Amino acid sequence: MKKNTCYLILLCFFLSHAYAIGQKWQSDNGDGTYTNPVIPADFPDPDVVFLDDTYYMVTTTMFVFPGVTVLKSKDLVNWEYCSNAVSRFDFSPCYNLDSCNRYAHGQWATSIRYNNGKFYLLFITLDEGGFLCTAENPEGPWELRKLPKGFYDPGLFFDDDGRIYVTHGYGTIRITELDENFAPISSDSSVFTGDIRNGLEGMHVYKINGYYYLYGTYGGVDGIQVALRSKNIYGPYEQKVVIEDRTPGVTFGIHQGALIQTQTGEWWTMLFVDSGPFGRFPSLQPVTWVEDWPIVGVEGKGVVTYTKPNVGKDYPVKVLPTSDEFNEPGLGMQWGWNHNPDQEKWSLTERKGFLRLKTVKVVSNLTEAQNTLTQRPFAHYDHITPTTAVTMIDTRNMKNGDIAGLAVFQSPYAYIAVKQEEKSKQIIMVNNGEVVASVPLKGNIVYVKAIASNSTKIATFEYGYNNKDFTVLGNELHMRFNLKVFTGNKFCLFNNATSETGGFVDFGFFRIW
């Protein structure tokens, strides 16, 4: 009997350990290896620079602010938030959701470089043009300024003779020389036209062993990563496919990113993979130089589990933050607002330990609502376990027509929420703008939950009154990565008015597992 009990205890231990591993959100396996994606969440269009003992990576956030997210790492595997370089974007009323929006637009494919004591972030918005952020410290403050000209998918390059160039373009790649104010001092010189298929883009520039390399992609879900090389910045360039992975899974179509050399001389690349409704996930791949070409992966395929980069020493495992008890005076860097927020309409201090969201203006649906607070969901490495978010809402100060709740947002979107109707409240589930189910709210406090699976592409919604027992409400959201929005699905906390303003709700916490 004792022997059987010991076996049972051991079995429970190993099962719980295996379950914990399956649940993990960090790439580092703790045994000298890592597993791709290096971050299982929507951090697309990565570019990376190295300074001293730290790597800095910038990614695309489009219409979410604070945005232009910069992360930092000591080993290319374990990443932390460093800064959000742009706190808000006041170059069009559309960023305030003022009769228009910037879904699928905004900041794209930023290039990060370091030169003479300063960090540079160069990016374009399709509507407003080119922008440059600069900082002496990557943690900020960042200075943002509009440039006289924008460059599509820019690749900023400081040559060793002091001259500044940018590569840019879609299909046909061009080189432009810039002055010290980042204004063009030359015409746009066409240096290469893609000949594998349409859509050559996302070039970054490197000078290695006497060659200029333009490192980019024929983009799309089935991306092809290529390198162009020449002894002259203006060409002529020859082209090499460095990886074209068609293996189903986490390396399919891996493309667009940065070449990186570690302090020990190893070469790596940070690319991304279109990974389903949660978005585009960064993937760290080894690079081998063959006849002066940077060949990615191993035997023509991207690696899934592989030995970590040798950076000279070991560093602890890091996990990017998600859950929030709202006990701090400011929001963590994992949060971003859908378009610019109205800073007078939210608070973490008016009621300690709560996020207060006030209605901003009367709107017809969630896509128009300001002060929608968003966060990227993280996928689990077992590719089975869905990602769950839960929050508590105190609804006692809602006005007639107010709707407050928890959403999974893209196109289509869905949410579970409380709607104030005259003197009563209803818990409603809305799927792509249509109310599909409702039940009366008992009291003023409710817990709502969203359960989303990146693998099945399905999200469901539940409610309860004690944060233990939950009831499913409504139907399934069939999530998409729709180019009309062009970011991964996001969890959202929101409170919007449909009849009158002046109401508010308090969110007690936000927890993800």
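FYI, it's all coordinate maths here, none of it is from the lab. Given the structure is predicted, the values throughout are model-derived calculations rather than measurements. Positions of Cβ are backbone-derived with ideal geometry, glycine not excepted, and every protein chain shown enters the neighbour counts.
Determine, from the Cβ-Cβ distance of residue 115 and residue 314 and an R0 of 30 Å, the FRET efficiency 1/(1 + (r/R0)^6), rounded to the nearest 0.05. E between residue 115 and residue 314, to the nearest 0.05, is 0.50.
Comparing segment 321-434 with the 2.2 N^0.38 Å rule of thumb, its C-alpha radius of gyration ratio is 1.12 (two decimals).
Relative contact order, whole percent, for the chain stands at 14, derived from Cα pairs under 8 Å and 6 or more residues apart. Computed from the C-beta positions of residue 127 and residue 222 and an R0 of 35 Å, the FRET efficiency is 0.80 to the nearest 0.05. Taking 7 Å steps out from each Cα toward its Cβ at residue 185 and residue 163 produces label points 1.0 nm apart. Close amide H contacts of residue 337 (hydrogens built in the peptide plane, cut-off under 5 Å, sequence separation of 5 or more or a different chain): 65, 374. Farthest towards the positive end of the charge dipole of segment 453-496, among the residues 486, 454, 472, is the Cα of 486, using unit charges on the Cβ of Lys, Arg, Asp and Glu.
Taking 18 Å as the cut-off, the amide N atoms of segment 377-408 that come nearer than this to a point 7 Å along the Cα-to-beta-carbon line of residue 423 belong to 396-402. With the simple spin-label model, which puts each label point 7 Å out from Cα in the Cβ direction, the residue 436 to residue 292 separation comes to 5.8 nm. Say the cut-off is 25 Å between C-alpha atoms; which of 118/308; 361/423; 352/449; 118/345 go over it? Violating the 25 Å Cα-Cα cut-off are 118/308; 118/345. With the Kirkwood sum run over all distinct C-alpha pairs, segment 241-381 has a hydrodynamic radius of 18.9 Å.
The Cα atoms of segment 183-258 cover 44, 26, 23 Å along the three principal axes, with the biggest extent listed first. With 0.36 nm allotted per residue and the present C-alpha distance subtracted, the residue 467-residue 328 stretch has 47.8 nm of extension available. For residue 509, the amide hydrogen comes within under 5 Å of the amide hydrogens of 392, counting only partners 5 or more places away or on other chains and with H modelled in the peptide plane.
Karplus-derived 3J(HN,Hα) values for segment 43-52, using 6.51 cos²θ - 1.76 cosθ + 1.60 with θ = phi - 60°, are 10, x, 6, x, 9, 9, 10, 10, 9, 6 Hz; glycine and proline are entered as x.
Between amide H atoms placed 1.01 Å from N, distances below 5 Å from residue 126 occur with 106, all of them 5 or more places distant or on a separate chain. Under the simplified labelling scheme, the residue 134-residue 500 pair shows an inter-label distance of 5.2 nm, with each label point 7 Å from Cα along Cα→Cβ.
Between the entries [x] 23.2, 77; [y] 23.9, 84; [z] 26.8, 103, the label attached to Rg and Dmax of the Cα atoms in Å calculated for this structure is [y].
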